[in-house]
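Remarks on the structure that follows.
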Amino acid sequence: MSGPRVLVVEDEAALVRILRRTLERKFSVEVDSAADGQQGLAFATDTPYDLILSDIRMPQMDGISMVERIRQGAGPNRSTPVVLLTGHHEEGKAAAEALDARFMGKPFSRQALFEMVGDLLAAS
């Protein structure tokens, strides 16, 4: 596949499957997935992505710490658009503002996901 690349960092396997299937079908993207922030950081250190979707609360390393390290590093995703996903809306909004990211509250609709991802991929 030679389309855009998206990294999904999420510890809920069912949501990863839904996001992967939805993004691949709707946007013809290649999706990599990581189960926590440490694994996500390892992917983001080596592989350039057009978009990163990340949960905030995960084991090992949370999404906020992961995005901070990506933004502060010299890797290929320093300015890659990030969407923070969480059911903790106030925390998500504050983190998104601090990290120059977008926020999408869980649960979210497919339409809201399509609109945000479509806008971000079109801009990249």
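Every read-out reported here was derived from the displayed coordinates using simple, explicitly stated rules and does not represent laboratory data. Here the structure is a predicted model, which means the values were calculated and not measured. Neighbour counts run over all protein chains shown; Cβ positions are idealised from the backbone, glycine included.
Worth a mention:
- Simple spin-label estimate for E91 and E115 in nanometres, 7 Å along Cα-Cβ: 2.6
- Highest-first arrangement of 53-66, 87-100, where packing means the average Cβ count within 10 Å: 53-66, 87-100
- Extending 7 Å from Cα along the Cβ direction at E68 and again at A123 yields two label points whose distance is 2.4 nm.
- If only the Cβ of Lys and Arg carry +1 and only the Cβ of Asp and Glu carry -1, the dipole of segment 22-124 around its Cα centre is close to 140 debye.
- Within the chain, antiparallel bridges make up roughly 0 percent of the DSSP beta bridges whose residues both belong there.
- Mean separation of Cα contacts under 8 Å (6+ apart) over length of the chain, as relative contact order %: 22
- Vicinal HN-Hα couplings computed from phi for segment 95-106 (Karplus, 6.51 cos²θ - 1.76 cosθ + 1.60; Hz; Gly/Pro x): 5, 4, 5, 5, 9, 6, 10, 9, 10, 9, x, 8
- Neighbour net charge for A42 - beta-carbon separation under 11 angstrom, K R +1, D E -1: -2
- Translational diffusion coefficient (Stokes-Einstein; Kirkwood radius from C-alpha pairs) of the chain at 10 °C, 1.306 mPa s, in µm²/s: 113
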